[in-house]
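Read-outs: derived from the displayed coordinates by stated rules, not from any lab. Values in this document were obtained by computation on a predicted structure and should not be read as measured data. Heads up, the Cβs are rebuilt from the backbone with ideal geometry, glycines too, and the neighbour counts pull from every protein chain shown.
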Amino acid sequence: SPKVGVSPREHLSPLKIFVLAKKEINSTFGDISKYVSEGGEFLSSLELDKMPVIDNADRETVLAFPDKVRGIREVLARDHMKCVFFGRTSNGKSTVINAMLQDKILPSGLGHTTNCFLQVEGSKNNEAYLMLENTSEKRSVESVSQLGNALHGESLDPNALVRIFWPSNKCNLLRDDVVLLDSPGVDVSPNVDDWIDKYCLDADVFVIVANAESTLTTTEKKFFHKVSERLSKPNVFILNNRWDASANEPECIDKVRKQHLDRNISFLLEELKVYGSRSQAEERVFFVSAREVLNTRIQKLKGEQPSGGQIEGYQSRYFEFEDFERKFEKCLSETAVKTKFQQHCERGVKIVSEVMQIMDKAFQNATSLRESKIADRNEYLDRLEFTKMQMHELTDEVKHRIEQLVEQVECQVTQALSE
Ligand code: GDP
């Protein structure tokens with residue numbers, strides 16, 4: 001059932017699953033932080049020379065946890081969903097990204113070849129600016145033409161990264177913590193291994209922007225062979241872009257589509273082996289026109305009547321792009337929750353269990369100490385028992401919450417898609 005405080009509308013986007021899970025885990029780690037600190041304070045207050053219920057190493061272990069938890073929370077705060085776009089120059093990578101962002105953000109077209117990595121992410125204060133690698137200087141950008149100018153004169157190598165921060169309130173993807181990365185064309189003889197190390201290892205989804213007017217080249221294929229060698233079963237989508245050009249040859253459009261589809265599927269299924277069945281692979285191949293989608297969305301943004309329908313088949317290409325976006329969002333959100341949060345959750349459980357064990361040890365030792373000394377240490381024992389119980393409850397709770405989270409993700413995705 002929908003969570004309190006979330007409108008049904010917001011439930012429609014599978015991206016919300018990541019956003020909600022992030023909130024949930026953050027609050028769980030807030031609790032872990034509180035309990036771990038309390039445990040540490042309690043152990044610190046013990047006079048171990050008089051009451052040797054625990055050794056110093058154990059106490060130090062517990063005292064080190066608050067910093068560790070803080071570290072995890074910092075990483076958690078930076079966690080996002082990431083998608084990288086690859087393909088040959090001029091296949092339309094920048095246009096696809098702009099269409100998804102609903103506006104002309106990345107420079108595209110002749111003379112605007114992307115010759116380094118451009119990463120678009122949401123800016124918190126809704127300012128637009130860019131940052132070059134290894135600097136903290138913000139360069140304000142108000143328009144796309146300025147973006148080109150702001151980069152003009154920079155000698156950027158193809159490995160360099162420019163981060164573009166764009167107002168989150170202007171686009172759902174950015175608001176929901178999605179980061180999109182445009183790459184230089186794979187044909188600019190890249191140092192593929194460096195690219196993969198630097199940009200691909202934390203990517204949740206890869207999109208190949210192919211040109212529907214030609215077939216995937218060896219260079220494009222080779223690159224993805226390397227990606228799938230390094231990452232186990234990466235999520236790969238193939239967009240056959242410029243499909244509007246097919247309208248010029250209506251007599252062979254079905255044949256061409258089938259030819260591309262068969263080749264794409266066999267690439268995903270037999271070469272990369274990233275999907276288990278033909279139908280799974282088929283769900284990842286699309287025939288679209290990013291330029292048409294972008295134009296339509298810009299016209300809508302300006303409040304104009306979209307005039308996209310001139311080329312035969314426009315409507316079905318537009319629907320196919322929307323279908324891509326939906327499947328893309330679902331895949332992105334599910335993968336990011338699993339790969340990013342599962343790790344944090346496991347570490348959280350481990351920390352809490354370890355504190356719990358140490359508390360338990362202190363309790364056992366205190367009990368036998370009391371028996372041997374028959375001194376009245378009831379108050380101390382009560383405190384210890386109480387703290388131990390809290391830890392116990394927390395361990396169970398964290399485990400329970402994580403199980404729930406995984407279940408919730410699955411159920412919400414199903415629900416979001418059936419609505
Ligand atoms: P990139 O180098 O891969 O980023 O390619 P761009 O996005 O800069 O696009 C290169 C050129 O192809 C631009 O002039 C775009 O307007 C054009 N283009 C992009 N997508 C389409 C499309 O779907 N159909 C057509 N006909 N042209 C497109």
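Legend: ranking of residues Met51, Met81 from fewest to most surrounding C-beta atoms inside 10 Å; resulting order Met51, Met81. When the pairs Lys104/Lys226; Lys273/Lys340; Lys226/Lys327 are compared against a 26 Å limit on Cα-Cα distance, Lys104/Lys226 fall above it. Of all aspartates and glutamates in the structure, the ones whose alpha carbon falls short of 12 Å from that of Lys302, not counting any fewer than 8 places away in one chain, are Asp103. Packing around the peptides 174-182, 199-207, taken as the average count of other Cβ atoms within 10 Å per residue, puts them in this order, highest first: 174-182, 199-207. Per residue, the average separation of C-alpha pairs within less than 8 Å and at least 6 apart gives the stretch 231-317 a relative contact order of 38 percent. When a/c reaches 1.5 or more, the comparison of a/b and b/c decides; with that in mind, is the stretch 159-261 rounded, prolate or oblate per its Cα gyration tensor? The shape class here is oblate. Is the C-alpha gyration tensor of the stretch 244-307 telling us rounded, prolate or oblate? Criteria: a/c under 1.5 is rounded; beyond that, a/b larger than b/c is prolate, otherwise oblate. Judged from the Cα gyration tensor, the stretch 244-307 comes out oblate (a/c at least 1.5, b/c at or above a/b). Legend: residue pairs Lys170/Lys222; Lys23/Lys124; Lys50/Lys361; Lys255/Lys330, Cα-Cα distance threshold 27 Å; pairs beyond threshold, Lys170/Lys222; Lys255/Lys330.
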